[in-house]
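Data first, discussion second: the structure below is written as structure tokens.
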Amino acid sequence: MYYELIVLGLACLGAPICARLAGFETRRKPFDMVGAGGVFFLLGASFNLAGGIFTTMMALVNSLMMISFVLGWIGLLIGAFWITAEVFREVDHGMLHKT
């Protein structure tokens, strides 16, 4: 589970950079929300790793991991829906136009 969380976190952190390279610069806040979700996924992976090191604090570490994991998913979902709405509101996006 560590590898998947780390890859997901890095992919979310790379979303604002990829958006800038693609030229999507109208509003960067939705991409920043996805990037913040990536930070929470990496935080969840680090809490998961810390649970194996400190066995006495296992309950606290597990609850912190679940909180950061849920915050990561919330940030990712809000950012994804926000990005979709921004793309549809952008002029000449070509997704709804019939040719």
inquiry  = Restricting to DSSP loop positions (anything but H, G, I, E, B) with no more than 12 other Cβ atoms inside 10 Å of their own Cβ, which chymotrypsin sites (Phe, Trp or Tyr not before Pro) remain in the stretch 8-78?
reply    = Phe54
task = Rank-order 74-80, 14-20 by packing density, defined as the average count of other C-beta atoms within 10 Å over each peptide's residues, highest first.
result = 74-80, 14-20
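Computed from the coordinates by the stated procedures, all read-outs in this text should not be read as laboratory data. Bear in mind that the values here come from a model prediction, so they are computed numbers and not experimental data. Reconstructed Cβ throughout: ideal geometry from the backbone, glycine too, with neighbour counts over all protein chains shown.
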